[in-house]
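Heads up: the structure comes next, in structure tokens.
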Amino acid sequence: MTTMRVACIQMRSGTDPDRNTEDFARLVAEAAADGARYVQSPEMTGLVQKNRDALMQAVRPEGDDPVFAAAARSAATHGIWLHVGSTPILREDGKVANRAALFAPDGSRAATYDKIHMFDVDLPNGESWRESAIYAPGEALVTSDMDGATLGLAICYDVRFPHLFRDQARAGATVLTAPAAFTRQTGEAHWHVLMRSRAIENGAFVIAAAQGGHHEDGRETYGHSLVIDPWGAIIAEKDDDEPGIVVADIDLSAPAAARGRIPNLRNARSYVHEKRPDETTR
């Protein structure tokens, strides 16, 4: 297979996991009906809830999570690769993981990834986020083979740490992912340039499904789900913050071609840091 149809499902997940799961399954079915072989949902597919107490009441262990169960069924029903961008999962130690999962066309779990980088920031408009107050960070880089491509798994804020994507590319990833729940403020400023940069730097596709709009917990997310080619061109975008799908056909030979033109992965060199004294203080 040299061409694959891929899809992002854009959501506006709320505080009811069961309703979010229904919306997820419906949009997955819509994307599969449009011929998508790989479908990606956004970060926090199953629950967008910034109140810690309310989240802890709603979050479930992996074996009881409705999104993961629905994803396994949907992947098998439609015969697709189904990537849950992330959903909160209660770990055995009582902590919460921001966890992604890739399901194979037979419904089996091909890979899981826990978000490594926690969104602990203070934004100019007064928004303050402390993801580490609720979630435990992951510790492992994850890639997975998929129909002749190697997929790199990442989540949202990870996109600001280019070494993670570079390490995935060096490990063979040709399709990088960054499903997200970007705030509107950061999305308007940085969403497109960050996603395009990760594609260009690594000569890889970047696929990023997004949350969009005003959510029940009070936050506002940016939307604009994207598919970007290895040369940095946006080949598909849902150019709004409304729920729905965006579909694109990607050429799986394109990463090799881009890396052949600009072989920066091969040309990278190690180096040492030599700190020079300030000449003016001598």
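Counting alpha carbon pairs within less than 8 Å and at least 6 residues apart, what relative contact order, in whole percent, applies to the chain? Normalised by residue count, the contact order of the chain is 20 percent. So how many Lys-Lys pairs in the chain land under 28 Å Cα to Cα, not counting same-chain pairs under 8 apart? Here the count comes out as 5.
In the full protein context, the chain carries 44 Å² of accessible surface per residue, based on a 1.4 Å probe and ignoring ligands, DNA and RNA.
Where the accessible area of segment 1-131 is counted over protein heavy atoms with a 1.4 Å probe, how much of it, in %, is carbon and sulfur? Carbon and sulfur together cover 45 percent of it. How many times 2.2 N^0.38 Å is the alpha carbon radius of gyration of segment 153-214? So segment 153-214 has a normalised radius of gyration of 1.07. Remark on GLN10: its backbone amide H falls under 5 Å from those of GLY244, ILE245, VAL246, a criterion applied only to residues 5 or more positions apart or on other chains, H modelled at 1.01 Å from N. For segment 33-95, the set of GluC sites (Glu not before Pro) satisfying both a DSSP loop assignment and a count of at most 12 other C-beta atoms within 10 Å is given as GLU92. For the chain, modelled as a GNM whose springs connect Cα atoms under 10 angstrom apart, the maximal fluctuation among THR112, THR186, THR21 occurs at THR186.
With all pairs of different C-alpha atoms in the average, the Kirkwood value for the hydrodynamic radius of the chain is 19.0 Å. Taking amide H positions as modeled 1.01 Å from N, with prolines and chain starts lacking one, the residues under 5 Å from GLY213 and 5 or more places away or on another chain are THR221, TYR222, GLY223. Over the chain, dividing the summed -39,500 (n - 2.57) contributions of all DSSP H runs of at least 4 residues by the number of residues returns a 222 nm mean residue ellipticity of -8500 deg cm²/dmol. Taken over segment 139-276, the convex hull of the Cα atoms encloses 151 Å³ per residue.
The values are calculated or read from the model by the stated rules, or taken from the named source; none is laboratory data. All figures in this text were calculated on a predicted structure; none of them were measured in a lab. Using ideal geometry, Cβ is built from the backbone for each residue, glycine included, and neighbour counts are taken over all protein chains shown. We work out accessible area using only protein heavy atoms, side chains counted, and drop any ligands, DNA or RNA first. Shrake-Rupley method; radii C 1.70, N 1.55, O 1.52, S 1.80 Å.
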